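Here the structure comes first, spelled out in structure tokens, and everything after it is commentary.
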Amino acid sequence: MYIPSRFKFTNNNEIVSFMKRYSFATIITTKDNIPIVTQLPFVIKQKEDKVILSGHFALANEQVNIIEHNISLVIFSEPHAYISPAHYDKSESVPTWDYIAVHAYGKARILHKTEEKMQALEDMIHFYEKEYYKQWKNLSDKYIQGMLKGIVAFELEVTEVQGQQKLSQNKSQEEIGRIVHQLENSDSQTEKDLADYILKANKI
């Protein structure tokens, strides 16, 4: 990912926190020079100094057959918003977009054992909706085993991460104030969330 130096996102704890908050991501793996892409919810875990992403594909997904042999890219992106040049002091200004993106690279390992697949599913339940766990435990064994047969669970150890926070760091405090004011008053929660990130990145 091309990252201008002023927009680099390098704090590992903040990167992991961002990935956990915006955990519905895009995983890309190349097959015969063609990118194969799937959108998936991920569970993000830290084990010592490692970051592990886990998820599962539908059994019929062709990406299953290539993730153990190729490096995959997982893209976490959100929030973002159009930024109007009306906020800038100079009339010779152009529209832009503020956003945050994290690119995580690694080679996946398929979880073949039933107990590993079960643990991966239960980790996802606890990550996204702990309250569902009680219902999950009351499902019939036949139903659960049928579900396990229809998915391929995997873990991906992140070997490289690249992050970018393009959050108007190259603008004046007054310009940033006007941008944040508009975003905070937007009807979009995404834009409100972006306003918070802009304030934090610019230490306002």
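Amide H contacts of Lys31 (H built 1.01 Å from N, in plane; Pro and chain starts excluded): Ile36 sit under 5 Å, all sequence-distant by 5 or more or on other chains. Dividing the summed helix terms, -39500 (n - 2.57) for each DSSP H run of n ≥ 4, by the number of residues in the chain produces a 222 nm estimate of -9500 deg cm²/dmol to the nearest 500. Contact order, relative form, for the chain: 26 percent (alpha carbon pairs under 8 Å, 6 or more residues apart, mean separation divided by residue count).
Accessible surface of the stretch 104-154, 1.4 Å probe: 52 percent of it comes from carbon and sulfur atoms. Counting only protein heavy atoms and a 1.4 Å probe, the chain has 58 square angstrom of accessible area per residue. For the stretch 2-115, the number of Lys pairs with C-alpha atoms closer than 25 Å, counting only pairs eight or more positions apart or on separate chains, is 16.
Applying 1/(1 + (r/R0)^6) with R0 = 35 Å to the Cβ-Cβ distance of Ile144 and His69 gives a FRET efficiency near 0.75. Largest GNM mean-square fluctuation among Met147, Met19, Met124, using the chain with Cα springs under 10 Å: Met147. Here the relative contact order of the stretch 33-76, from alpha carbon pairs under 8 Å that lie six or more residues apart, stands at 29 percent. Here Lys117 is the anchor, and the aspartates and glutamates within straight C-alpha reach of less than 12 Å, apart from those fewer than 8 places off in the same chain, are Glu155.
When the surface is traced with a 1.4 Å probe over the full set of protein chains, Thr114 keeps roughly 70 Å² accessible.
Rounded to the nearest Hz, the phi-derived 3J(HN,Hα) couplings of the stretch 48-60 under the Karplus curve 6.51 cos²θ - 1.76 cosθ + 1.60 (θ = phi - 60°) are 6, 9, 9, 10, 10, 9, 10, x, 8, 9, 5, 3, 7, where x marks glycine and proline. Among Val37, Val16, the sequence by solvent-accessible area, most first, with a 1.4 Å probe is Val37, Val16. Given DSSP loops and a limit of at most 10 other Cβ atoms within 10 Å, what is the longest stretch of the chain that contains no such GluC sites (Glu not before Pro)? Answer - 93-204.
The values are calculated or read from the model by the stated rules, or taken from the named source; none is laboratory data. All figures in this text were calculated on a predicted structure; none of them were measured in a lab. Cβ sites come from the backbone with ideal geometry, for glycine too, and all protein chains shown count toward neighbours. Just the protein is used for accessible areas: all its heavy atoms, side chains included, with ligands, DNA and RNA removed. Shrake-Rupley method; radii C 1.70, N 1.55, O 1.52, S 1.80 Å.
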